[in-house]
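The values are calculated or read from the model by the stated rules, or taken from the named source; none is laboratory data. Keep in mind that what you see is a predicted model, and the values were worked out from it rather than measured. Positions of Cβ are generated from backbone atoms using ideal geometry, with glycine treated the same way; all protein chains shown enter the neighbour counts. Side chains included, ligands, DNA and RNA excluded: accessible areas come from the protein's heavy atoms. Shrake-Rupley method; radii C 1.70, N 1.55, O 1.52, S 1.80 Å.
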Amino acid sequence: MTAIDEAAGTTPVLQTEGITKRFGAVVALRGVDIQLRSGEVLGLVGDNGAGKSTFVKIVCGFQRPDSGRILIDGREVHLHSVKDARAHGIEAVYHDLALVPQLSVYQNLFLNREVTTLGRLGWLSTRKMRAQAQAYLDDIKVSIPNIEAEAETLSGGQRQAIAVARATRQNAKILLLDEPLAAMGAKESALIIDLVKDLAANRGVSILVIDHNYTHLFELCDRVNVFQQGRVTFDRRVEDTSLEELTELMVSEYRRQVMAGHRELGDEVTAP
Amino acid sequence: MASQATLTPGETSPAAPPAAPSTARRGPAGSLLRLFVSRREATIFVVAVAIIVYFAARTSEFYSYANIVTIVQYMAPIAVIGVGEVFLLTLGEIDLSAGQIFLVSPWIVVWLQQAGLPIGWAITVSLLCCLAIGAINGLITVLLNVPSFVTTLGTYFSLLGLVLIVSNDAQADMPGTTGTFGQIFGISSWSEIGWALLIVVALHIVLKRTRFGMHVTATGGNYLGAAEAGIPVRRVKVWSFMILAFGAGFIGLLDSIRIQSLDPASPGTTVMFSAVSAAVIGGTSLLGGRGTIIGATIGAIVLGVLEDGFNLIGVSANEFTLVTGLVILVAMAINVQLSRVGARMRT
Ligand SMILES: Nc1ncnc2c1ncn2[C@@H]1O[C@H](COP(=O)(O)OP(=O)(O)O)[C@@H](O)[C@H]1O
Ligand SMILES: [Mg+2]
């Protein structure tokens, strides 16, 4: 992809080095190194429990790593809170968490960034917000039939789109999406995939996506990283890998785990 | 309008929900149903009109000037405290002490007057005390992270006890207020309802048209999400307790200036429960996120008309209490049903 070629050799927008995290006896992350370049869509795949969500929570400031470094534009940052991360332009979007179901689409887009008049009285400039919301959604090609509809009445895909739109409208430069297509139909997925690609290509937003569906990932991403047991074990541009290679990687990992399990139980192991 | 701006003819939108069929309950019945689903106040409005028509048909006394004054004086405190409770219910909170704040504010005026303060100052300080009580309710709730049900139950009993102790169980007279000042603040028959309407309109505007009101809805609708977005959710809650406490204290002063005598033993629970009932039968959800000031106001009218109407046709207060209970249950059932229908219409 051109975005990568252009960016090759330049400093990654987001880079992590040796991120570790344990929860009691569970080691969730064993030293995660990733690089996300400007305008790039990076996919994270891996088994359940491989540590992908934990990694996202650390990068968005929700959890603290035990060790390791996070660099934004080559400079190390310390993220103590979600607010910190947001100040650096990083935002994780969880569509089911972000929106207020009872507020309208445009109110959600402007949540806590309302356009007001009359100073401290905080009189809402409803018309202005509606117009700006519509203009912004048109701009990023998100089509919502009625921006006055309550968020509750939208489909999952539309809610996700609104949540993403809010983050980018409020200047998020790095988006973290943890399984944004989970439980979505084909149409819904297409909506989000188009939005993500458009934001990356036309607005230079860098996006990290966790997803289990390889077909989606190949359509969506410029590059794929495979998480295995708290580490990134595979890093390729999508055109340099294939569905078969990824599947084989995951299956062999699965076999390895099964055999390790047998060994622990003292079973005789013969390679399948 | 902006609402139609997105879809230009011929363009199909990937975002469009599986259009019409599932939403289709067409014809006048369908649009009526949609009206009731989208405007929660519609149900209670129909109920209000029905009972007004009923009582007006039963007795001509109902629409006499004197009787209308009686009704509006009865409903004014319920409306003011009710719309205050709408803020709290929208936040997923409740204030059980509001009725007691309503009763304590004139007592504070009496005590301060006895201590030698001029009436103007006594009233000012009393209202500040009400704000402080609201702040205490709110701060305890958000800082200790306890349900406001418990916090305000505590302040309710504390205030009740305080009045009983300081008043020595003796009734007192509200200091006389005269002249235009007195007329505006309580003595005129229309003073209380006038102020009540002013407060209702103001709070409706605050809830629907200001940043603070939007933050109330956001905090009640999605507490974590609102906090994530940087909304000062705790401060929003504390302010809401203070708004209600101030309104309750203020209308309490007007009420006592009209009635003139104060009874330390009367508990504030009656007016508080009526107020919460008004809010709930008006369509405000106890689960938070959805409040309607207009609904609560019509709810207060319903309660006022019921009480008065039963009185007129010779039904006792006991039966009124029973009917109030049934009205709450029925209104609740209708609202729950309407939310279900609403959910089905959407999917
Ligand atoms: N808050 C937590 N407390 C304890 N264990 C956790 C916590 N969060 C994640 N884990 C554990 O860390 C590991 C990685 O989990 P997670 O990051 O959710 O994986 P993934 O998203 O790749 O499925 C799992 O073993 C999980 O049980
Ligand atoms: Mg996960």
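Key figures for this structure:
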{"read-out": "Descending Cα extents along the principal axes, region A:1-127, whole Å", "value": "51, 42, 26"}
{"read-out": "25 °C / 0.890 mPa s Stokes-Einstein diffusion coefficient of region B:234-344, Kirkwood radius on C-alpha pairs, µm²/s", "value": "154 µm²/s"}
{"read-out": "Principal axes of chain A: Cα extent on each, largest first, Å", "value": "75, 40, 39"}
{"read-out": "Under-13-angstrom lysine pairs by C-alpha in the protein assembly as shown, whenever the two are 8 or more apart or on separate chains", "value": "4"}
{"read-out": "Estimated FRET transfer efficiency when R0 is 25 angstrom, pair B:Leu322-B:Ala50 (beta carbons, to 0.05)", "value": "0.85"}
{"read-out": "Global size of region A:98-172 as Cα Rg and Dmax, reported in angstrom", "value": "11.8, 36"}
{"read-out": "Region A:27-33 - phi-based ³J(HN,Hα) in whole Hz, Karplus 6.51/-1.76/1.60, Gly and Pro as x", "value": "8, 7, 10, 10, x, 9, 10"}
{"read-out": "Cα-based helix-to-principal-axis angle, A:186-203 vs chain A, degrees rounded to 10", "value": "80 degrees"}
{"read-out": "Share of alpha-carbon pairs per 10 Å distance bin for region B:250-305, given as whole %", "value": "22, 41, 28, 9"}
{"read-out": "Principal axis dimensions, the protein assembly as shown - Cα atoms, whole angstrom, descending", "value": "91, 59, 56"}
{"read-out": "All-pairs Cα distance distribution in region B:161-314, expressed in whole percent, bin size 10 Å", "value": "10, 30, 32, 21, 7, 0"}
{"read-out": "Spherically averaged projected area in nm², based on the convex hull that wraps the Cα atoms of region B:48-116", "value": "7.4 nm²"}
{"read-out": "Within chain A, helix-based [θ] at 222 nm, where runs of 4 or more DSSP H residues each add -39,500 (n - 2.57), nearest 500", "value": "-11500 deg cm²/dmol"}
{"read-out": "Value of Rg/Rh across region B:45-346 [Cα atoms, Kirkwood radius]", "value": "0.98"}
{"read-out": "Percent RCO, i.e. relative contact order, over region B:201-347, from Cα pairs under 8 Å lying at least 6 residues apart", "value": "19 percent"}
{"read-out": "Region A:98-172 - percent relative contact order, Cα under 8 Å, separation 6 or more", "value": "43 percent"}
{"read-out": "In Å², nearest 10: area of A:Arg203 left accessible to a 1.4 Å probe", "value": "100 Å²"}
{"read-out": "Projected label distance in nm at A:Glu219 and B:Val341, using a 7 Å step from Cα toward the beta-carbon", "value": "3.9 nm"}
{"read-out": "For B:Thr90, solvent-accessible area (1.4 Å; no DNA, RNA or ligand), Å²", "value": "0 Å²"}
{"read-out": "Relative contact order (percent, whole number), region B:76-221, Cα cutoff 8 Å, 6+ residue spacing", "value": "36 percent"}
{"read-out": "Among B:Asn168, B:Asn137, B:Asn67: highest mean-square fluctuation, GNM of chain B, C-alpha pairs under 10 Å", "value": "B:Asn168"}
{"read-out": "For A:Gln63, residues with placed amide H under 5 Å, excluding near neighbours", "value": "A:Ile58"}
{"read-out": "Sequence of A:Asp178, B:Asp173, A:Asp194 from largest to smallest accessible area, 1.4 Å probe", "value": "B:Asp173, A:Asp194, A:Asp178"}
